[in-house]
1. Could you tell me whether any residue of region 277-284 is surrounded by fewer than 16 Cβ atoms within 10 Å (Cβ to Cβ), at pLDDT 95 or above and not small (Gly, Ala, Ser)?
2. Which of the residues spanning region 199-211 are of a type outside the set (Gly, Ala, Ser), open to solvent by 50 Å² or more (accessible area, probe 1.4 Å) and over 18 Å from residue 237 (Cα atoms)?
3. Out of curiosity, is residue 123 farther than 25 Å from residue 242 by Cα and among the small types (Gly, Ala, Ser)?
4. Can you pull out every residue in region 243-270 that is part of a helix (DSSP H, G or I) and open to solvent by less than 20 Å² (accessible area, probe 1.4 Å)?
5. Where in region 1-113 are the strands (runs of 3 or more DSSP E), entirely inside, with at least 2 residues that are touching a residue at least 24 places away in the same chain (Cβ under 8 Å) and surrounded by 16 or more Cβ atoms within 10 Å (Cβ to Cβ)?
6. Please go through (1) surrounded by 18 or more Cβ atoms within 10 Å (Cβ to Cβ); (2) assigned to a strand (DSSP E or B) for residue 175 and return the number of the only condition it doesn't satisfy.
7. So residue 198 passes all but one of these: (1) outside any strand (DSSP E or B); (2) at pLDDT below 95; (3) over 26 Å from residue 274 (Cα atoms); (4) over 20 Å from the mean Cα position of the chain (by Cα). Which condition number does it fail?
Amino acid sequence: MNVRQFASMGCLVEIGGSTLCEAEAIERLFHARDRQFSRFRRDSELSRVNRAPREVVVVSKTFAQMVERALKAARATRGLVDPTLAAALRSAGYDRDFDELEARAEPVCRGPSGRWRAVRVVGRLLSRPIGLELDLNGVVKGHTVDEALGLLAGEGFVAAGGDYAGRGAFDVALPGGGAVRVTRGGLATSGTTTRRWLRAGAWQHHLIDPRTGSPAETPWDDVTVSAGTCLHADIAAKAALLLGIDGPGWLDERRLAGRFLAPDRSELLNENWRRSLSPDLAAA
């Protein structure tokens, strides 16, 4: 199968099974979402909303829908996946495109904790306290992967920086080695080792614990989750990583399959992941 690639949203996007026209449409979709939701583009709609000196802001229909998805994710995870952590990410040192981050001598500051309950959306009206900054990356990339898959007429897949959605059976590489055959739905990985940087000699990473406003302390390097959609898998993977040792059980309660990778590269598979494995390879 021919695989097409391009860079967007700070990662490599791969498309399998597309026609040239479908691939071009998917690339346009990703670039449009990046222009709209990037924290690092001053002209993005997200940046304009975060700068707005008013509590109520009129936003585009797409923006309002993405905020609604983010608030739904926050409710489903009891605030673990929170869309109001932009200031906390900046306090941790993630204040520019990841490729531009460099080691610095100054220590990081603890950021504000999550305040997702202070955000409201009614139609195209967004309400939030002045100064509360949004970061919607927790839902934008996963949803865009799902939407891009819908642009393929036949079997194929779309993968972007640890997020995957496919139609048909395809083998997907896992962190730390190995692969899993995904026969339907989405697969997503959240981890602390890929997007990280040094501040005052200490490693920081982009997964902020909304309860503390600081990079999460967790026993897992990577958590991979299989779910019906890439967005659902992405949200669950972040929540399970933040839950630490309670993550495998949390996923089992929701009938989701999860693979947990520790710093020593040992893996823990929750009960639903083990049940989903086929005798020959793996069916997540």
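1. Going residue by residue through region 277-284, those that are surrounded by fewer than 16 Cβ atoms within 10 Å (Cβ to Cβ) are 277-281.
Checking the rest, the ones that are also at pLDDT 95 or above come to none.
Checked region 277-284: no residue is surrounded by fewer than 16 Cβ atoms within 10 Å (Cβ to Cβ), at pLDDT 95 or above and not small (Gly, Ala, Ser).
2. Correct list: 203 only.
3. Details: farther than 25 Å from residue 242 by Cα: yes; among the small types (Gly, Ala, Ser): yes.
The answer is yes for residue 123.
4. Going residue by residue through region 243-270, those that are part of a helix (DSSP H, G or I) are 244-253.
244, 247, 248, 251, listed by residue number.
5. Details: elements: 3-8, 11-16, 56-58.
Hits in region 1-113: 11-16.
6. (2)
7. So the condition that residue 198 fails would be (1).
The values are calculated or read from the model by the stated rules, or taken from the named source; none is laboratory data. Everything quoted here is computed from the prediction, not taken from an experiment. We place every Cβ from the backbone using ideal geometry, glycine too, and count neighbours over all the protein chains shown. Remember, those area values only see protein heavy atoms, side chains included, never the ligands or the DNA or RNA. Shrake-Rupley method; radii C 1.70, N 1.55, O 1.52, S 1.80 Å.
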